[in-house]
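*Asks:* This is the structure, below, for whatever I ask next.
The values are calculated or read from the model by the stated rules, or taken from the named source; none is laboratory data. As the structure is a computational prediction, the values presented were derived from the model and not from experiment. We place every Cβ from the backbone using ideal geometry, glycine too, and count neighbours over all the protein chains shown. Keep in mind that these areas ignore ligands, DNA and RNA; they rest on the heavy atoms of the full protein, side chains included. Shrake-Rupley method; radii C 1.70, N 1.55, O 1.52, S 1.80 Å.
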Amino acid sequence: MTLARTAGIATLSLLLTASVADAQKKGAKPAPTPTPSALSNLTADSFKTMAFRNIGPANMGGRIADVEGIPSPSKTFFVAAAGGGVWKTTNNGITVTPVFDEGGSGSVGAIAIAPADANLVWVGTG
């Protein structure tokens with residue numbers, strides 16, 4: 001795992017932690033944890049009447065397709081959005097700026113940084 005991916009995961013973890021803490025401050029109650037006795041009644045027959053269905057978001061915007069970073073000690077990395085766009089941060093994700101607005105692509109699937117020149121970034125679009 002690259003440093004940038006590790007930093008991105010750490011940033012995401014911090015955001016999720018902050019969101020949960022904020023919800024708790026506002027009085028939101030967490031979902032109850034099922035007790036072992038409630039789960040012990042489940043059998044394969046419990047699920048026979050259930051059918052597969054879509055329960056997730058209909059709009060898949062916001063997914064991150066790739067994160068690539070310049071090796072340490074740099075704090076620079078690039079984030080590719082599946083819905084289109086590439087963002088760059090030079091401070092480990094505290095702030096980001098768009099760098100691929102003129103790309104004209106509906107989606108971005110991959111980013112690669114040239115090993116010999118960190119100023120050369122390849123963007124795979126689809």
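*Asks:* Return the total of residues in segment 96-119 being in contact with a strand residue (DSSP E or B) (Cβ under 7 Å, 6 or more places away or on another chain) and open to solvent by 30 Å² or more (accessible area, probe 1.4 Å).
*Replies:* Summing the residues that are in contact with a strand residue (DSSP E or B) (Cβ under 7 Å, 6 or more places away or on another chain) and open to solvent by 30 Å² or more (accessible area, probe 1.4 Å) in segment 96-119 gives 12.
*Asks:* For residue 84, state whether it is assigned to a strand (DSSP E or B), surrounded by 10 or more Cβ atoms within 10 Å (Cβ to Cβ), out of contact with any Cys (no Cβ under 7 Å at 6 or more places or on another chain) and at pLDDT below 90.
*Replies:* No, not satisfied.
*Asks:* If you check residue 65 against the conditions, is it modelled with pLDDT of 85 or more and in a loop (DSSP other than H, G, I, E, B)?
*Replies:* Spelling it out, it is not the case that residue 65 is modelled with pLDDT of 85 or more and in a loop (DSSP other than H, G, I, E, B).
*Asks:* Condition first: in contact (Cβ under 8 Å) with a residue 12 or more places away in the chain and outside any loop (DSSP other than H, G, I, E, B). Now tell me which residues in segment 87-118 satisfy that.
*Replies:* If the condition is that a residue be in contact (Cβ under 8 Å) with a residue 12 or more places away in the chain and outside any loop (DSSP other than H, G, I, E, B), then 87, 88, 89, 98, 101, 103, 108, 109, 110, 111, 112, 113 are the ones that fit.
*Asks:* Then there's this: Given the structure, is residue 93 in contact with a helix residue (DSSP H, G or I) (Cβ under 7 Å, 6 or more places away or on another chain) and either among the small types (Gly, Ala, Ser) or open to solvent by 80 Å² or more (accessible area, probe 1.4 Å) (or both)?
*Replies:* In short, yes.
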